[in-house]
1. Give the accessible surface of the chain per residue, rounded to a whole number of Å², with probe radius 1.4 Å and ligands, DNA and RNA excluded.
2. If you take every residue apart from Glu90 with its C-beta less than 10 Å away from the C-beta of Glu90, what net charge results, scoring Lys and Arg +1 and Asp and Glu -1?
3. With label points built 7 Å along Cα→Cβ from the Cα atoms of Glu201 and Ser52, find their separation and express it in nm.
4. Which residues in the stretch 180-221 place their backbone N less than 14 Å from a point set 7 Å from the Cα of Thr26 along the Cα-to-Cβ direction?
5. Would you mind checking which residues have amide H under 5 Å from His259's amide H? H placed 1.01 Å from N; only 5 or more apart, or other chain.
6. Shape of the stretch 1-51 from its Cα gyration tensor (a ≥ b ≥ c, root eigenvalues): rounded if a/c is under 1.5, otherwise prolate when a/b > b/c, or oblate?
7. Modelled label-to-label distance, Leu255 and Asp44, 7 Å Cα→beta-carbon offset: nm?
8. Tell me whether the stretch 1-144 comes out rounded, prolate or oblate; compute the Cα gyration tensor, take square roots of the eigenvalues as a ≥ b ≥ c, and use a/c under 1.5 as the rounded threshold.
Amino acid sequence: MTSITDAELEREVSEWSEQLERLTRTCAWLQCVTVLAKTESTQDAVLCRADSVGSAIVAGRQTGGRGRRGRVWADDLGRGIALSVAVESEDSALLCARAAVALAHAYVPLIGQMGIRSGIKWPNDLIAIMDRPRKIGGVLVEEHGDQAVMGLGVNVRSRVWPEQLRNSAGTLEDTGIRVTRLEAIVHLLKSLDRVMTMSKEQLQSEFIQADLLEGERLVFEESGTLHEGVVREVDPFTGVLLVTRDGEVRLRPELARLHAWESHVNDGGEGGGSEPM
Ligand code: BTN
């Protein structure tokens, strides 16, 4: 469950390029995939290398992966997927919804085969409900003028987590799924290729179908204020509608974050393989 060596990494990713190139020939939206054994962050690598919308970078290991809200994405051991794709700039809620639905379509059916419920934790985390909700994947969208970079991180193989992520992170392997990283990448790219051409209405409906929060009693934090209540509605574009003791509160993805889920109190960890609930 430790870091793979550079030699093992080179060996593992050496077979990725050919297979992923073959995959792009069957994809309508995805144009090309470049494989890097190691890079600081695929978010930057895609900007240097990708010259067109539909280009993707996959790395075997990231040494400086970043997450949302300035957090670190801890996938330095080479046990996950780091994928960034150059996309046309759109409303960021739309891009986040595309990425979240891509994660859900790629892995929820597989995780379901293990008898484990999983889905989207608004706004765009992939969560599996194991001993507690565990983050399997996350999304980072960064805008660069008329282009944007959509970054997806997925925890694939089991590993030892830093202390602050121990209660919130999980991997596909932890759910019982046996997939290689290459297989997990192929699932994600196929799914991404489909969601990139979905209409806003389709995305909204797919997102709501994969949502895990509706009906849950939760605590959100928005601009320093805690709001506790039952989630009445989750929508990728209008946010969460929470029914609190004092009435209904609408929470916006750019301002609010989930603070605590049932008895799973936020342990205040960094982002990374996972971010705090
Ligand atoms: C989050 O949940 O905070 C978002 C995590 C996004 C991580 C991915 S891994 C590929 C891409 N490269 C990065 O440095 N970050 C994103």
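The values are calculated or read from the model by the stated rules, or taken from the named source; none is laboratory data. The model shown is predicted, which means the values in this text are computed figures rather than measured ones. Don't worry about glycine lacking a Cβ; one is built from the backbone with ideal geometry, like all the others, and counts go over all protein chains shown. Protein only, heavy atoms only, side chains kept; ligands, DNA and RNA dropped before computing areas. Shrake-Rupley method; radii C 1.70, N 1.55, O 1.52, S 1.80 Å.
1. Values: 11810 Å² over 277 residues.
With the other protein chains kept in place, the chain gives 43 Å² per residue.
2. Values: positive: Arg98, Lys200; negative: Glu88, Asp91, Glu143.
Cβ neighbours under 10 Å give a net charge of -1.
3. Taking the simple label geometry, Glu201 and Ser52 are separated by 3.1 nm.
4. Within reach of a label on Thr26: 183-194.
5. HN-HN under 5 Å from His259: Val219, Phe220, Glu221.
6. Numbers: a/c = 2.85, a/b = 1.43, b/c = 1.98.
Judged from the Cα gyration tensor, the stretch 1-51 comes out oblate (a/c at least 1.5, b/c at or above a/b).
7. For Leu255 paired with Asp44, the spin-label model returns 3.3 nm.
8. Working: a/c = 1.39, a/b = 1.13, b/c = 1.23.
Since a/c stays below 1.5, the shape of the stretch 1-144 is classed as rounded.
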